[in-house]
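Q: Quick one: structure below, then a few questions.
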Amino acid sequence: MTTRIVWLRRDFRLDDNPALLRAAESAERLVVLYIHAPEEDAPWPAGAASCWWLHHSLLALSQQLEAEGNRLVIRSGPSLNALRECIETTGAASVYWNRLYTPMARDRDRRIKTALRDQGIEARSFNAALLAEPWAVETRSGGPYRVFTPFWKSIRDGLRAAAPCPRPMLPPCPAMESEPLDALGLLPDRDWADGFAAHWTPGSGGAQQRLSDFLDTALQDYDSGRNRPDLDATSGLSPHLHFGEIGPRQIVAAVDAASSDDGRTRSAQQADKFLSEIAWREFAHHVLFHFPETLEQSMNPRFRHFEWAGRDSDLQAWQHGQTGIPIVDAGMRQLWHTGWMHNRVRMIVGSLLTKNLRQHWRKGAQWFWDTLVDADLANNTLGWQWIAGCGADAAPYFRIFNPVSQGEKFDPHGAYVRRWVPEIEGLPDAHLHAPWTAPAPVLRQAKLRLGRDYPAPIVDLKASRQDALDAYAKVKG
């Protein structure tokens, strides 16, 4: 009786899952296996918010598998030991999995593939997470891309080269032990995680519902709405993509279908803009694959000796949404409460941290890693180096976001700030994004005492901008 093992890692879906499909179509018994081995991702094991999502994603997958006549088998690592134990227990002759692309995962998977093949076990890996393999996209000179726009142009025409895989019929799982999900200890011992469930539905069902809602309500105005944190105008698919509850091929197919539906008014330009954001995720994985040192070092070597001069007290104020700068505090509080932050606001808070406060980009990356439910190593690294001006396709060093003008432009009526910073909700729009400019009578009318009810700014935006420019000028070359 042919038994195969499909080893799931961050591909928690039944549809468009190449490893699952290939294993199921030729097996009489199928082991769907998850191995919990956070130490194998060191020094970047999943943060607390990601662990919350992982718990609920595994729970949703387990329920799906049971409905299909199979079940999820959970084991703890090391991964090679767990795989060998399952092989010995079931007599499986094959192990299939979908590829991961972080340096740690690639090294582990290479060792495991070699070890299994050496003992006569078929070991095969597949692409489920990306539209284009990082090694398959090259510049004309044969090297990797460092700038997004030419990368996007190079993969744009091939987005639809591979259609999503169908859902397979699943053979039963052989009798074997499984660890209980709760034994993994994934749920964080922090009260802030209690609010996550009100904002998210982990699992492939939640991913499909979120995609459907986005296509119905936001795609047609995506290019203008995506920068507005006061509007529900983004897809919110990033955590679902990270955990593989939905794949990029599925998203491309769904966007194409929605854009060509004669019963709706869709703009090809809007769809193209949204797909370019999916391609930005591809670019992040491309860069990390070819430049793994960027996990710890600035990609631009001139910045490896940059004069970071941040104070611990400023970092703590930023982390807890107490900088006295409303759009920044709103973003940091949204992050703490929901495990997510609007992308425009991520750029604003990142600019303040790395440029006005002169904190090392790694400190921001580490905080996001622990508090974002969509914390993705490639995206997180690329994003922080981009905003700090030291990475691939980075914003110029002199591009320092003014959080006041950004707030006024992208939260024009103050709905976003008032939601997350209720201490200042009584201020009129004219002073909402800069309370320190409000005259005393306006502050009294709003029942706001700066420095008591809400902090005064921890940094002078104009002076710190010039200090940052002076520091950056020393390394710009």
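Q: State whether one or more residues within region 107-129 are under 15 Å from Leu30 (Cβ atoms) and in the same structural domain as Ala23 (by TED's automatic domain parsing).
A: Within region 107-129, one or more residues are under 15 Å from Leu30 (Cβ atoms) and in the same structural domain as Ala23 (by TED's automatic domain parsing).
Q: Of all residues in region 370-382, which are within 23 Å of Ile325 (Cβ to Cβ) and touching a Gly at 6+ places or on another chain (Cβ under 7 Å)?
A: Step one: of region 370-382, the residues within 23 Å of Ile325 (Cβ to Cβ) are 370-372, 380.
Across region 370-382, the qualifying residues are Asp370, Thr371, Leu372.
Q: Quick one: count up the residues across region 450-477 that are surrounded by 13 or more Cβ atoms within 10 Å (Cβ to Cβ) and in a loop (DSSP other than H, G, I, E, B). Walk me through it before giving the result.
A: The first filter runs over region 450-477 and keeps only residues surrounded by 13 or more Cβ atoms within 10 Å (Cβ to Cβ), leaving 450, 453-455, 457-459, 461, 464-465, 467-469, 471-472, 475-476.
Imposing the further condition that a residue be in a loop (DSSP other than H, G, I, E, B) reduces the set to 453, 455, 457-459, 475-476.
Adding up the residues that qualify gives 7.
Q: Here is a further query. Restricting attention to region 101-126, which residues are part of a loop (DSSP other than H, G, I, E, B) and either in contact with a Lys or Arg (Cβ under 6 Å, 6 or more places away or on another chain) or surrounded by fewer than 16 Cβ atoms within 10 Å (Cβ to Cβ) (or both)?
A: Gln119, Gly120, listed by residue number.
Q: Moving to a separate point now. Whether any residue in region 404-420 is β-branched (Val, Ile, Thr) and closer than 30 Å to Tyr101 by Cα is what I want to check.
A: No, there is no match, as no residue in region 404-420 is β-branched (Val, Ile, Thr) and closer than 30 Å to Tyr101 by Cα.
Q: Same structure, new question: For region 283-304, give me each residue that is modelled with pLDDT under 95 and outside any loop (DSSP other than H, G, I, E, B).
A: Within region 283-304, Pro301, Arg302, Phe303, Arg304 qualify.
Q: Is it true that Ile246 is buried (at least 16 other Cβ atoms within 10 Å of the Cβ), in contact with a Lys or Arg (Cβ under 7 Å, 6 or more places away or on another chain) and of a type in the set (A, V, I, L, M)? Talk me through it step by step, then tell me what you get.
A: Working: buried (at least 16 other Cβ atoms within 10 Å of the Cβ): yes; in contact with a Lys or Arg (Cβ under 7 Å, 6 or more places away or on another chain): yes; of a type in the set (A, V, I, L, M): yes.
In short, yes.
Q: Can you tell me which residue is nearest to Thr381 (Cα to Cα) among those in region 305-316 that are part of a helix (DSSP H, G or I) and modelled with pLDDT of 85 or more? Spell out how you get there, then give the answer.
A: First pass over region 305-316, keeping only residues part of a helix (DSSP H, G or I): 305, 312-316.
Add one more test, that the residue is modelled with pLDDT of 85 or more, and what stays is 312-316.
Details: Asp312: 22, Ser313: 24, Asp314: 22, Leu315: 19, Gln316: 21 Å.
The extreme case among them is Leu315.
Q: If you don't mind, there's one more thing I want to ask. Kindly list the number of the only condition in (1) over 21 Å from Leu352 (Cα atoms); (2) surrounded by 16 or more Cβ atoms within 10 Å (Cβ to Cβ) that fails for Ala268.
A: Going through the list (1) over 21 Å from Leu352 (Cα atoms); (2) surrounded by 16 or more Cβ atoms within 10 Å (Cβ to Cβ), Ala268 breaks only (2).
Q: Sticking with this structure for a sec: Condition check: under 23 Å from Asn70 (Cα atoms), touching a Ser or Thr at 6+ places or on another chain (Cβ under 7 Å) and in a loop (DSSP other than H, G, I, E, B). Does Pro164 satisfy that?
A: It is false that Pro164 is under 23 Å from Asn70 (Cα atoms), touching a Ser or Thr at 6+ places or on another chain (Cβ under 7 Å) and in a loop (DSSP other than H, G, I, E, B).
Q: Among residues belonging to region 246-275 that are of a type in the set (S, T, N, Q), assigned to a helix (DSSP H, G or I) and under 13 Å from Leu215 (Cβ atoms), point out the one that is modelled with the highest pLDDT.
A: Gln250
Q: Would you please list the contacts, defined by Cβ atoms under 6 Å and residues six or more apart or on different chains, that run from a residue in region 429-440 that is part of a loop (DSSP other than H, G, I, E, B) to a residue that is of a type in the set (Gly, Ala, Ser) and buried (at least 20 other Cβ atoms within 10 Å of the Cβ)?
A: His433/Gly407
Listed here are the residues, each with its yes/no results for (1) among the polar types (S, T, N, Q); (2) more than 31 Å from the chain's Cα centre (by Cα); (3) modelled with pLDDT of 95 or more.
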{"residue": "Arg444", "(1), (2), (3)": "no, yes, yes"}
{"residue": "Arg449", "(1), (2), (3)": "no, yes, yes"}
{"residue": "Arg452", "(1), (2), (3)": "no, yes, yes"}
{"residue": "Pro457", "(1), (2), (3)": "no, no, yes"}
{"residue": "Asp470", "(1), (2), (3)": "no, yes, no"}
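Q: Would you list the helices (runs of 4 or more DSSP H) that sit entirely within region 202-243 and hold 2 or more residues that are more than 21 Å from Asp376 (Cα to Cα)? Before you say what the answer is, go through the steps one by one.
A: Numbers: elements: 204-217, 222-225, 238-242.
Here the list reads 204-217, 222-225.
Q: Inspect region 147-160 for any residue being closer than 23 Å to Asn98 by Cα, at pLDDT 95 or above and part of a loop (DSSP other than H, G, I, E, B) and give the result as yes or no.
A: No, region 147-160 contains no residue that is closer than 23 Å to Asn98 by Cα, at pLDDT 95 or above and part of a loop (DSSP other than H, G, I, E, B).
Q: Among the candidates Asp157, Asp213, single out the residue that is without any contact (Cβ under 8 Å) to a residue 12 or more places away in the chain and either farther than 19 Å from Thr234 by Cα or of a type in the set (A, V, I, L, M, F, W, C) (or both).
A: Every option except Asp157 fails the conditions.
Q: Of a type outside the set (A, V, I, L, M, F, W, C), modelled with pLDDT under 95 and closer than 30 Å to Tyr34 by Cβ, is that true of Arg190? Give the derivation first.
A: On the way: of a type outside the set (A, V, I, L, M, F, W, C): yes; modelled with pLDDT under 95: yes; closer than 30 Å to Tyr34 by Cβ: yes.
The answer is yes for Arg190.
The values are calculated or read from the model by the stated rules, or taken from the named source; none is laboratory data. Note that this is a predicted model, so its numbers are computed, not measured. Quick reminder, even Gly has a Cβ in these numbers, built from the backbone with ideal geometry, and neighbours come from all protein chains shown.
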